[in-house]
Amino acid sequence: MGAGHAHKLYRHAHSPVHALPPHCKLAAVFCFVLVVVSTPREAMWAFGLYAALLAAVAAVARVPAGFLLKRLVVEVPFVAFALLMPFVVPGEQTRVLGVSVSVPGLWGAWNVLAKATLGVAASVLLASTTELRAVLLGLQRLKLPPLLVQIASFMIRYGDVVTDEMRRMSIARRSRGLEARGVRQWRVLAASAGALFIRSYERGERVHLAMVSRGYTGTMPVIDEVTATRAQWAYAATLPVLALAVCLLGWTL
């Protein structure tokens, strides 16, 4: 599957969560998010308990709260969308801080914001405790289509290559006195984007030819066979099982 590839989201530590096999953590996070999405939006207390469960996992994994909160910035688009809903969703109106807003829009905003935040937090915890290469191995272990796993592997491996190519092109533009600060430079930036696409495509062709010349037949060899014991599966299932209990209480109360 290739060599290890550390990323900014990963936080190296020795904890029970880090030690779990990647496919156990992937299955646990998927089931947890599924339970959160299935929870009725009116059960606001349930989402507080979900947040407490994730905080407990973060504590066990030794992931600082600051580290986690900084990476939740990725959900800003969801927040912006949620903030607009009370003003655009039709229905019964109420006043909040002197502003007329829609009651269905408020519920919809709460629903999107709460569930998106919990889902992103669970994903960040997964990325913080699992290396990218291990995630790919876990996906392969969970029988995800091999072609999708290969595409993800190549994206991870060559994302930095394309980023470095963009950096070199930016340095070349600045060395020639071009500073992209206005509309007038959009034409040059568009040409640069086209050149980057061509260069990336050509590099991909060269990489594919090199792989074929070395015996590539459409499948990547599995270097490590990741296995999990029943105890590890049971440990990983703690989070989704507790979340399921909370969800069932939310539907019955």
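Select from the stretch 136-151 the residues that are open to solvent by less than 30 Å² (accessible area, probe 1.4 Å) and closer than 21 Å to Lys8 by Cβ and list them in ascending order. Write out each step before concluding.
Kept after step one, since they are open to solvent by less than 30 Å² (accessible area, probe 1.4 Å), are these residues of the stretch 136-151: 136-138, 149-150.
Answer for the stretch 136-151, where residues must be open to solvent by less than 30 Å² (accessible area, probe 1.4 Å) and closer than 21 Å to Lys8 by Cβ: Leu136, Leu137, Gly138.
Please work out which residue is nearest to Lys25 (Cα to Cα), limiting yourself to the stretch 122-134 and to residues that are open to solvent by less than 50 Å² (accessible area, probe 1.4 Å) and at pLDDT 90 or above. Ranking the candidates gives Leu126 first. The numbered conditions (1) modelled with pLDDT of 90 or more; (2) within 18 Å of the chain's Cα centre (by Cα) are all true for Ala56 except (2). Name the residues in the stretch 23-41 that are touching a residue at least 12 places away in the same chain (Cβ under 8 Å) and aromatic (Phe, Trp, Tyr), would you? The answer is Phe32, and nothing else. Taken over the stretch 231-253, the residue count meeting the criterion of being surrounded by 11 or more Cβ atoms within 10 Å (Cβ to Cβ) and not in a helix (DSSP H, G or I) is 1. Exactly one residue out of Val33, Val76, Val29 is under 20 Å from the mean Cα position of the chain (by Cα), among the β-branched types (Val, Ile, Thr) and open to solvent by 60 Å² or more (accessible area, probe 1.4 Å), and it is Val76.
The selection criterion, being assigned to a helix (DSSP H, G or I), in contact (Cβ under 8 Å) with a residue 60 or more places away in the chain, touching a Phe, Trp or Tyr at 6+ places or on another chain (Cβ under 6 Å) and closer than 18 Å to Phe30 by Cβ, does not hold for Leu137. Close contacts from the stretch 105-121, counting a first residue that is under 14 Å from Ser38 (Cα atoms) and open to solvent by 20 Å² or more (accessible area, probe 1.4 Å) and a second that is hydrophobic (A, V, I, L, M, F, W, C) and modelled with pLDDT of 90 or more, with Cβ to Cβ under 7 Å and a gap of 6+ residues or different chains, come to Lys115/Val36; Lys115/Val37. Return a yes/no flag: does the stretch 218-230 have any residue that is modelled with pLDDT of 80 or more, over 24 Å from His18 (Cα atoms) and in a helix (DSSP H, G or I). Scanning the stretch 218-230 turns up no residue that is modelled with pLDDT of 80 or more, over 24 Å from His18 (Cα atoms) and in a helix (DSSP H, G or I). Checked against (1) farther than 28 Å from Leu249 by Cβ; (2) loosely packed, with under 12 Cβ neighbours inside 10 Å, Arg71 passes all but a single condition, namely (2). Just a yes or no: is a residue in the stretch 148-158 touching a Phe, Trp or Tyr at 6+ places or on another chain (Cβ under 8 Å), of a type in the set (Lys, Arg) and assigned to a helix (DSSP H, G or I)? No, the stretch 148-158 contains no residue that is touching a Phe, Trp or Tyr at 6+ places or on another chain (Cβ under 8 Å), of a type in the set (Lys, Arg) and assigned to a helix (DSSP H, G or I).
Just to be sure, is Ala52 aliphatic (A, V, I, L, M), closer than 30 Å to Ala228 by Cα and free of Cβ contacts under 8 Å to residues at least 60 places away in the same chain? It is true that Ala52 is aliphatic (A, V, I, L, M), closer than 30 Å to Ala228 by Cα and free of Cβ contacts under 8 Å to residues at least 60 places away in the same chain.
Could you tell me whether Arg214 is modelled with pLDDT under 90 and touching an Asp or Glu at 6+ places or on another chain (Cβ under 8 Å)? Steps first, answer last, please.
Values: modelled with pLDDT under 90: yes; touching an Asp or Glu at 6+ places or on another chain (Cβ under 8 Å): no.
Criteria not met by Arg214.
The values are calculated or read from the model by the stated rules, or taken from the named source; none is laboratory data. No experiment lies behind these values; they were computed from the predicted model shown. Glycine gets a Cβ as well: all are built from the backbone with ideal geometry, and neighbour counts include every protein chain shown. Each accessible area value is taken on the protein alone, full model and side chains, heavy atoms only, with ligands, DNA and RNA left out. Shrake-Rupley method; radii C 1.70, N 1.55, O 1.52, S 1.80 Å.
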